[in-house]
Every structure is written in structure tokens, then in C-alpha cells.
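Each value in this text was obtained by applying a stated rule to the coordinates, not by laboratory testing. Note that the coordinates shown come from a computational prediction; the quantities given were computed from them, not determined experimentally. We place every Cβ from the backbone using ideal geometry, glycine too, and count neighbours over all the protein chains shown.
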Amino acid sequence: MAHILLRHRDIPGIEKLDVYQKNGGFQAFEQAVKKMKPTEVTDVVKASGLRGRGGAGFPTGVKWGFMDNNNWPHYVVANADESEPGTFKDREIMEGNPFQFLEGVAIASYAVGANLAYVYLRGEFWQVAAFLDQKIEEMEQAGFLGDKLFGSDYSLRIHTHLGAGAYICGEETALLESIEGKRGQPRLRPPFPPSFGLYGKPTVVNNVETLTNVPLILENGSDWYKSLGTADSAGVKVFSLSGRVKKPGNYELPFGTTFRELIYTHGGGIINDRPVKGIMAAGASSSIIVADEKALDTPMDYASVRTLGGDLGSASVIVLDDTVGIDWVVNKTIHFFKHESCGKCTPCREGNYWMQHLTERIHSGQGDASDVELLDSVARQMQGKCLCALGEFATMAVVTGIERFPTDFGK
């Protein structure tokens, strides 16, 4: 099956404007501006079943439809703050297939009536930002960005914006605060960005992978896209596979592909052919799934993964074999979340502080059963009480690790 997102693997040189155009580039954007109303574009995306690829899985067209049309101007922000440990798909898309991503940004902007769009990149992606700036300039020179596009009244500018490497800025409201020049901390919601976003104006925030789907959905139709994947999760997904596998990397596959196929057919199996122990389906922020036969044969889509007591999230699949101690995994994830907590809300700030001390003590062999019980108690008391999802994410490996792998914690 030809790639839809990682098309650079099939089409050499697609990162060049002329090659992209020869392969249908910008035809969808031109068709949208010249022949479709913005609401019609939104309806096609809504009908396709495209869901957000940044982790939440919220229906993209529905989000676009929430924009407040009584408050102007409107903005589009592409979330390229790829900070989740285990996730490395968006960078490959931006570097390998940049014009399809930028065309997706342009189509989304037209659909929601935005004349200005931002691509927010994590601070370590400064080379990617410079590369995208070059591509944006090429689009302007070719007439795909600027004033009165394709002879219409529609105008659009796209800018890149570098963050400072803060994980919290992957959360959409903290990202917007960062663009505004403020400290990257989440806002209290509601109001949500489609009604009160960048500079207090209606804003759509979509992930890089999400937007890269849009040009081909418009070109081929919503029925074509729905024919891929499952009823719950339409289309394809780039699965970032890492951990104890022989061939880590990005694999673009239809939703509904099983964990077994991803790990063994595409990932080449486990290093030294060891047995699989656990799977973190959504990177560091996910529950740890017991990798039994049922789990391995479970389709990777949003609904099916929930039956295993986990979430697919951004599909950054970290595979653990029997050489990996779950107490070590939990210690590593808590150190990360403690470091990245913005400190705005007390449960996350204090909870991660105490969980770090407890996991360090347990992993070093100096803890006892009471420390494990206290760690579990702190994590559960944090759940549902944090301002944003970071605090919630921090507890997932802790609670599920202790519950599902008790022997790794001396229980």
C-alpha cells in the first residue's frame, strides 16, 4: 500500500516544490479556495472520520466546526511540539513531506476563515523550523501563500514559532500562551481555543500528522478515507515503534493493525528473541499493558486499546521485554514528568515531587511495601485533580505498573 503521510518513502524528492506539484500538490487547496465554501471543506473532513493524531483523538472536523464566527480574526496553529518520549513521527513528516503538511495547514486555515497560521515547534527543532521557513518562502513565491490566492479574495500567511523545549507546551493552551510570549503554562478550560484561543480569538490547534492527512482527504473524498482503518478509527496512523524491538522506527499502517503485526512483522520481533512483557501504547504518558496473547492480537485503534486498560494516544508504542523491570520504567517516567511539570497546580507539582522520591527509593532497593502503597496512594489522589493532562499522564505508568506487575515492586 502506498504511503499517505510518509510519501517521501515512495516518491524521491517530494520535499521539492516541483516534485510535490507533479504528484498533485496544492490541487486540493486550489480546489477548496476556488470551488468550495469553507463550511463545505469542514464537512468533508468531518465526514472522513479524521481524528486528532496528537493523542486526544478528537474528531478534527467537529473541532473546526466549533469556531466562534461572531469573533474575529481566526487563527490556525499547527502543534509541532513533539515532546512525548517515544514519539518521533511528526519530525519525519515535516522533513520528508513538508509541502503536504503545509498544504494541510493552508486548507484548515481556509476552512475556519483564518488568514494567519502558526507552526509551533519545540525548541530543539530549530533546524526543522529553518527548513519549513524555506518551504514557506517557496510557497509564497509560487503563489500558494499571500494575498488574493488563486484569484479569490482569500489571503493567508504562515509563520513558524520556536518554543523553548518545554513538554508542557504540547498542551494546546500552554502552547498558545507561549506564542503570546508568556510563560508556557496551561489555561483553565473552558473557554476552549475555538472560542478563546490565540490573543483571545477563536483558534484551531491541530497536530502535524492530523493536518498532513487533509490534502489527500479533500483530493480523494471522505469515503476513500473511511474505507481505510476501522469504523471507530478511520484512515492510517504513523506508529512510532521503539523499545526492545529489532527494528525501531516509524510505520504507517491502517488503524486496526494488531500489536503483533507491528512488533513482529514490521519491527522484526524482540531483541535476542526474548518474550514480550509490557507495552506502552502512547509513550511515557500511557498505561503499561500486559503483553499477553490477547493484547498482542488486539487491533490498534482508539476503542480496542481501551479494552486493554490503556489508550492509543499518539501511538508511540514502547515495547518492554522480560529484561526490563517495571519499577525502573516507572522511575524513569516520573523523573521526566517531575522535570517537565510547569508547577502551576499543586497536585501535579507536589505529587510528582513525592512520586520521584518514592520511585527512586523503591528502584534503588531501599523501599519497602509501605513505600509502594504510598506511591500508589499519591498517584491515585492526583488523578482527576490536575489543571491539565500532564499530571494525569504522570500517574498512568505508576498505577498500572503496581497493579499489573506487582512482583516488580516486591509484592
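Some values worked out for this structure:
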quantity	calculated
Test item: Cα-centred dipole of segment 326-409, Lys/Arg +1 and Asp/Glu -1 on Cβ, debye	340
Within straight-line cross-link reach of K294, aspartates and glutamates at Cα separation under 17 Å, skipping those fewer than 8 residues along the same chain	E261, D311, D321
Stretchable slack from Q141 to A164, in nm (0.36 nm times residue separation minus alpha-carbon distance)	5.3 nm
Furthest towards positive pole of dipole, V372, F393, I334, structure part segment 324-411, Cβ charges	F393
Test item: Cα-centred dipole of segment 236-321, Lys/Arg +1 and Asp/Glu -1 on Cβ, debye	180
Pairwise FRET efficiency - K182 versus N69, Cβ, R0 = 35 Å, nearest 0.05	0.85
Under-5 Å amide H pairs with G197, H placed in peptide plane, nonlocal only	T203
Positive-pole candidate from I93, Q381, A164, dipole of the chain, charges at beta carbon	Q381
Lys, Arg +1 and Asp, Glu -1 on Cβ, resulting dipole of the chain about Cα centre, debye, nearest 20	380
Loop-resident sites, segment 1-75, for GluC sites (Glu not before Pro), counting at most 11 other Cβ within 10 Å (DSSP)	none
Computed [θ] at 222 nm, helices only, for the chain once each DSSP H run of length n ≥ 4 contributes -39500 (n - 2.57)	-12500 deg cm²/dmol
Computed lengthening from K411 to D153, 0.36 nm per intervening residue step minus Cα-Cα distance	86.1 nm
Segment 167-182 and segment 33-91: distance between their alpha carbon centers, rounded to Å	17
FRET efficiency, R349 to T323 (Cβ-Cβ, R0 41 Å, nearest 0.05)	0.75
Virtual spin-label span in nm between R260 and T307, 7 Å along Cα→Cβ	1.4
Cβ-Cβ FRET estimate between R189 and D18, R0 fixed at 51 Å, reported to 0.05	0.70
Net charge of neighbours whose Cβ lies under 12 Å from the Cβ of I136, counting Lys and Arg as +1 and Asp and Glu as -1	-3
Sparsely packed chymotrypsin sites (Phe, Trp or Tyr not before Pro) within segment 24-79, loop by DSSP, other Cβ within 10 Å at most 16	F66
Positive-end residue, segment 265-379 charge dipole about Cα centroid, Cβ charges, pick of V324, H357, G310	H357
